[in-house]
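J.: The structure is given below, and queries will be raised subsequently.
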Amino acid sequence: MDGLFGLDELTGGTRQPSHGLPEPAESHRLRQESKLSLHQVADACGVSETTARAWEEGRTTPRGTNAAIYRNLLNALSGRLTATPVPQPPADESPDWAALGALRHELPTQEATAAPCWRCQQPTAQRVGKRPQHLGTRCAPPTTAHPEPTASPPPHPLSAHAAQPTAPTADPPPLAPPPSRTPHPPATAPACFTIPPLGSRKITHGPLAVLDAAPEGLTAHLADAGTRSCPAGDLPALLAWTLRQGFGAAPLHPEGLAAGPLLVLTPLALARLGLPAATPSSPQRHPRSDHPLLRQIRALGWQTDQDGLGPWMRLHPSTGDPACDSIHLAITDWGALHHDAWKMPTDLDASQLACLLAQYTSLMRTPLGEPGACGHQLMSDLRPAPHRHTTMRTMAASGVRGALTQVVDPAPCEAPAGHQLAADRAAQDMIADTPIHWWRPPTADEVTRPYVVCLAVNLLHLAGCNEIRVADGPAHQINHPVFDPKMPGSWLADLSSAPHHPMLPPPFASRGPAWHTTPAFAYAAARQPQLQPVEGWLRHAPAVPYLAPWYQRIRLARLAVLERLGITPHMDTPDLLAALHNLPYADPGQRALLHAIHATAEDAFTALAQPPTQPDQTALAAWPTPDKPTWRPDLLAAVHAKARANLHRKLGQTARDGYFPLAVAGDHVLFATHTPHLSEITDQPNSGFTIGISPGHVRPVATHPMRWLKDLAAEGTNAAQLLKDTCPSW
């Protein structure tokens, strides 16, 4: 949804079309159903976004060349939606098709002269992305393997200064004839860069390779600790070699999609391939920029995804499906693995790095970006949705019950800051469920206790998330609904009257009427059964515990890594505490793997409500709902509510023995104690906390004298937040 109001309301009624343009409502529909932003339409027409919005709302009418360009763009979008070829416009009246991103390859055009279809070599006057091709399934894509192409002239090295040669030189020969301009028979060069159909692919060398350079050439270090020689000297040869080797990973669910191969390029491999050593600047990362690397990729008939260039890149054929036909690149010199959220040790050699990544892949999935992105993708890997290949239209994944298949707008109260539905929202109209951040001064009795002990809850937000029910569908507004703890959604109610001990943090982060998700209202209803919501945004579609398989996979992966580090769930408490104390001195590779699994879990929740990362949308003042069924800010709010309720319940149980928290910051909690041992808290008869390594169990973080806490309290500092920020995690 790209607007907050109906188009008729904005335009004041219908208008007569002018200059051959459709009515504004039809223009709006074509853009919306094509899933294009106003920013992209404005770029394609060479005007400002304000001008494009005025055209679409009917407030102004394009004239002259602008009218012709806009008309041709809308005609092309209409042709794509109806599978009807449209005439190829003159060059001076053509939109900037590149502004449409991957969509530009789906625009069917009709030309006067026929040319051989690039798939079946039979004549056709139809064009898809300016490439001769029969529409739909009128011809089948090639399914047979093709011989290796003859050697072509080497490409111009893509050094950091490739765009600024120091001496006049002749233009280098093209890397490969662009497939969008000239048809090729099956045995020509571009065929070797075409990913084979899904059914014919065989995985023979594992999910990934770490490429390093030796005097004799590139060496690929594989997941099984083996190596293979890689004869590639440039990016085109590397892609062709990767396709021949059969890299990839089987789907995590029988009804899901296989994972594409990952290539990790070390600094020496980057130099051997002639790729830039420095990370491209922000404008050059844009997928439509003229960066030399992007020009080289386009010359092969390949492209990046909407994120463009970066430490983690996804490449796929221009006529392929990014979900099925991608090759992922991780460039360590650009910040992948060592300097981003992975925090892999910098002294690992290529073989050790391949081994660690292979372990992560076997426990989680093939890395495709930072751990949070992997965790977010893992959710849908384990509950796959049906997927039809965007080019071949064959069914690539059958999907399972409970998968998220619909792109739905959040309820107005659930929309994160920056979303267009949150543009004019009052502060009290947003979801109030947030983690606990609270502290209080110690009482006279607590001041006499000499110690302050800090504990941390293991994966606070992961614990309990497997019980949250999620529905695949939009929310509907209901007045005075009857609360149902199994109904996903948001409820408007005043929970501030719920019973609350003054020495405990408030159970709900709101005063007066506020919006709360189902887990928060369920916790309130258990404490005060007479509560009734005033209004609700509820999802009536069948709901399932969507995150249950995801939770189980992360829990088992974490236990497996801890066992390699000598820590098991069955250890006696003294032995466990000793092992946790020695953990910082354990194997750095396994500790990095443990950190990656934690980041996969925690950061994946943030990705549920992440703003758009595409260069086309990052600068938008108010952005629309991302085109991802798994973008669900309502689920993130429910996870926060569930974690807060679980922690508050445990704090209330522990308080029965006279131990009240002094400060809370998310998963870190401080108590005043008589001894410097966490067991003083956990050994109490009513304690809600248990020392252990499972999600929801606790571990010691630090012990300080009471004087330390009093000084921080006098400064107005939340001591738990200070320890959370400064003490090392697992």
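J.: Against the longest alpha carbon principal axis of the chain, how many degrees, from 0 to 90 and to the nearest 10, is the axis of helix 588-607 turned?
T.: 80
J.: In nm, to one decimal, how far is the THR690 label point from the ASP494 one, both placed 7 Å along Cα→Cβ?
T.: Result for the modelled spin labels: 4.0 nm.
J.: Here's something else I'd like to know. Rank PHE521, PHE483 by accessible area, highest first, at a 1.4 Å probe radius?
T.: PHE483, PHE521
J.: Within the accessible area of segment 323-468, what % is carbon and sulfur when the probe is 1.4 Å and the other protein chains stay in place?
T.: C and S fraction of accessible area: 51 percent.
J.: What distance in nm lies between label points placed 7 Å from Cα along the C-beta direction at ASP424 and ALA54?
T.: With each label point 7 Å from Cα toward Cβ, the separation is 2.1 nm.
J.: Work out the length of the dipole vector of segment 574-655 about its Cα centre, built from +1 on the beta-carbon of each Lys and Arg and -1 on the beta-carbon of each Asp and Glu, and round it to the nearest 20 debye.
T.: 380
J.: Here's another thing I want to ask about it. Name the residues whose placed amide hydrogens come within less than 5 Å of the amide hydrogen of ILE691, ignoring near sequence neighbours (fewer than 5 apart) on the same chain.
T.: Hits under the 5 Å cutoff: VAL698.
J.: For GLU26 and ASP445, compute 0.36 nm times the residue count separating them, minus their Cα-Cα distance, and round to one decimal in nm.
T.: 143.7 nm is the gain from fully extending GLU26 to ASP445.
J.: Would you work out the Kirkwood radius for segment 219-316? I mean one over the mean of 1/r across all pairs of different Cα atoms, in Å.
T.: 14.9
J.: Counting heavy atoms of the protein chains only and a 1.4 Å probe, report the per residue accessible area for the chain as a whole number of Å².
T.: The answer is 44 Å² per residue.
J.: Now for a different question. Let me know the longest stretch in the chain that avoids all GluC sites (Glu not before Pro) found in a DSSP loop with at most 13 other C-beta atoms within 10 Å.
T.: 217-714
J.: Tell me the carbon and sulfur percent of the accessible area for segment 654-730, rounded to whole percent, probe radius 1.4 Å.
T.: 48
J.: Now for a separate question. Which whole-Hz couplings ³J(HN,Hα) result when phi for each residue of segment 490-503 is put into the Karplus expression 6.51 cos²θ - 1.76 cosθ + 1.60, θ = phi - 60°, listed in order with x for Gly and Pro?
T.: With coefficients 6.51, -1.76 and 1.60, one gets 10, 10, 9, 7, 9, 9, 6, 7, 5, x, 8, 7, x, 9 Hz.
J.: Here's something else I'd like to know. Equivalent ellipsoid semi-axes for segment 323-413, as square roots of 5 times the alpha carbon gyration tensor eigenvalues: give them largest first, rounded to whole Å.
T.: One finds semi-axes of 30, 17, 13 Å for segment 323-413.
J.: How about segment 459-523: which trypsin sites (Lys or Arg not before Pro) there lie in a loop by DSSP and see at most 12 other Cβ atoms within 10 Å? If you can, show how the numbers build up before the last one.
T.: Values: sites: ARG469, LYS486, ARG511; in loops: ARG469, LYS486, ARG511.
In loop regions of segment 459-523 (DSSP not H, G, I, E or B), the sparsely surrounded trypsin sites (Lys or Arg not before Pro) are LYS486, ARG511.
J.: Right, another one. I want the local charge near PRO629. Using Cβ-Cβ distances under 11 Å, sum +1 for each Lys or Arg and -1 for each Asp or Glu among the other residues.
T.: The answer is +1.
J.: Here is a follow-up. Pull out the extension gain between SER94 and ALA225, defined as 0.36 nm times the separation in residues minus the alpha carbon to alpha carbon distance; nm, one decimal.
T.: 41.9 nm
J.: If a paramagnetic tag sat 7 Å from the Cα of ALA621 along the Cα-Cβ line, which residues of segment 398-423 would have the backbone N under 19 Å from that point?
T.: 416-423
J.: Just to be sure I follow the rule: in the chain, considering lysines 8 or more places apart or on different chains, how many pairs have Cα atoms under 23 Å apart?
T.: The result is 9.
J.: Taking Cα atoms, how many degrees apart are the long axis of helix 548-564 and the longest axis of the chain, rounded to 10 and kept between 0 and 90?
T.: Taking the Cα atoms of the chain, the angle to 548-564 is about 70 degrees.
J.: Continuing with this model, one more query. Grab the Cα-Cα distance for THR65 and ASP683, subtract it from 0.36 nm times how many residues apart they are, and report the gain in nm with one decimal.
T.: Using 0.36 nm per residue and subtracting the Cα-Cα distance, I get 214.6 nm.
J.: Follow-up question, since we're still on this one. Please compute the Kirkwood hydrodynamic radius over segment 598-680, one decimal place, Å, based on all pairs of different Cα atoms.
T.: 16.1
J.: What base-10 log of the normalised intensity I(q)/I(0) is obtained for the chain from the Debye formula, alpha carbons as equal point scatterers, at q = 0.05, 0.07, 0.10 Å⁻¹?
T.: For the chain, the Cα-only Debye profile gives -0.30, -0.58, -1.11.
J.: Restricting to segment 362-518, compute how many DSSP beta bridges are antiparallel as a %, nearest 5.
T.: Antiparallel: roughly 90 percent of the beta bridges in segment 362-518.
J.: Moving on. Tally Lys and Arg at +1 and Asp and Glu at -1 over the other residues with C-beta under 15 Å from the C-beta of ILE69: what net charge comes out?
T.: Net charge around ILE69: -1.
J.: I need the P(r) histogram for segment 574-713: all alpha carbon pairs, bin width 10 Å from 0 out to the longest distance, whole percents.
T.: Histogramming segment 574-713 at 10 Å steps yields 9, 29, 28, 21, 11, 2 percent.
J.: What does the charge count near PRO545 come to, summing +1 for each Lys or Arg and -1 for each Asp or Glu among other residues with Cβ under 11 Å from its Cβ?
T.: +2
J.: Here is a further query. Run the simple label-point estimate for ARG201 and ALA278 please: 7 Å along Cα→C-beta, distance reported in nm.
T.: 3.6
The values are calculated or read from the model by the stated rules, or taken from the named source; none is laboratory data. This is a predicted model, so every value here is computed, not measured. With ideal geometry, Cβ positions are generated from the backbone for all residues, glycine too; neighbour counts draw on all protein chains shown. Note: areas computed on protein heavy atoms with side chains; ligands, DNA, RNA excluded. Shrake-Rupley method; radii C 1.70, N 1.55, O 1.52, S 1.80 Å.
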